[in-house]
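Trainee: Before I ask anything, let me first share the structure, which is written out below as structure tokens.
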Amino acid sequence: MTKLLQHRFSWIAIALLLVDIGYYFLLRRYGVSHGAALSDAVSSYFWLAFFSFILQRIHSFYHSRSAINVVHISIITVFSLLISLLTQWYGNWIGEQDETYHQLLSQLFFVRWFILFLILLTIVNQLWIDKHLQEQRLAFNHLLEKERQLAKAEMNNLQQQFQPHFLFNSLNSISALVKSQPEKAREMLFSLSDFLRLTLQKGKDDFNSVAEEIYYLNLYMSIEKVRFGNRLNVEIKDSGECENVQLPSLILQPLVENAIKYGLNSKTGEITISITIECNDNHLMISIRNPYDKNSANAVNGTGFGLKSIDRKLKLLYKQADLLKIEKTDDDFTVTIKIPGP
């Protein structure tokens with residue numbers, strides 16, 4: 001924006017210079033000597049540039065609601081009159097030996113003043129427009145930054161609500177295993193420690209690569225495998241083509257946790273959680289499927305907070321409302337998230 005304004009004012013300066021050159025030739029046409037015409041043209045351009053600079057400095061500290069008002073008109077009137085008087089005084093001094101030029105000075109005074117008034121009015125109008133656009137841009141950027149901070153705060157709040165839920169479940173399982181199976185309790189405690197250490201270190205980042213997300217997911221699954229033993233199987237179908245694609249940090253863990261919760265409560269015996277990762281049409285598609293039984297699933301206590309929070313997080317990050325999809329059949333429950341490409 002600043003470069004654009006500077007570029008436009010450069011063109012205005014060039015246009016004024018061309019007008020001044022035309023003024024020089026006009027004086028020459030009326031018989032004014034070369035020296036007097038050149039001196040008048042140069043002095044007119046100098047005073048116009050000088051007072052235009054003063055106008056610019058005034059506008060840097062003062063900005064009215066409208067371009068045309070009493071303050072602007074008063075300043076322009078005074079400045080154009082001052083330029084006319086200064087040019088008249090200088091012209092009388094240099095034009096003593098040029099009778100033609102000396103006669104033109106008094107005749108051109110009001111014409112010069114009116115033209116200078118129009119030029120300064122145009123400059124003031126441009127300064128007002130530029131100041132107005134700059135203020136709008138700053139206000140818009142401030143609003144965007146405020147929305148970004150609010151969105152980030154909400155996402156951090158959502159992330160912090162996920163962790164205690166998983167942590168309390170894991171600690172309860174460790175407590176239950178301490179007496180009956182101390183080795184498994186120790187193994188689970190070590191896995192939980194590694195998971196929390198890495199995720200807390202990574203918690204400041206908004207995005208992970210798919211490869212990093214799978215690594216954290218495997219750490220999480222090692223904890224759940226200790227909790228549920230042979231009842232829980234997890235299949236990750238990943239071609240490896242998407243490993244460098246970025247996605248929201250730690251977004252898969254609560255989805256898999258939700259699948260495990262409803263899958264184990266919907267079926268007896270072993271269950272398999274299937275995770276499919278693929279890239280299609282500049283989108284990263286991740287589907288998580290778990291066994292599902294409508295009657296059993298209805299009996300599971302839950303508020304749907306996990307899926308709603310993931311959906312909200314995706315909307316905040318990508319400004320789209322169709323990035324989370326849920327599909328139910330008689331036997332399966334599938335959650336699919338779509339991550340837009342760069």
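Each reported figure results from applying straightforward, stated rules to the coordinates on display, with no laboratory input. Keep in mind it's a predicted model, so treat the numbers as computed, not measured. Ideal geometry is used to build each Cβ from the backbone, glycine not excepted, and the neighbour counts take in all protein chains shown.
Trainee: Can you give me the long-range amide H partners of Leu284? Hydrogens built in the peptide plane at 1.01 Å from N, cutoff under 5 Å, separation of 5 or more residues or another chain.
Mentor: For Leu284, whose amide H was placed from the backbone, the distant partners under 5 Å are Ile339, Gly341.
Trainee: Pull out a ≥ b ≥ c, the square roots of the eigenvalues of the alpha-carbon gyration tensor of segment 181-340, then state rounded if a/c is under 1.5, prolate if not and a/b is larger than b/c, and oblate in the remaining case.
Mentor: oblate
Trainee: Cut-off is 10 Å between beta-carbons; in what order do Thr272, Thr334, Thr87 appear when sorted fewest neighbours first?
Mentor: Fewest-to-most ranking of Thr272, Thr334, Thr87: Thr272, Thr334, Thr87.
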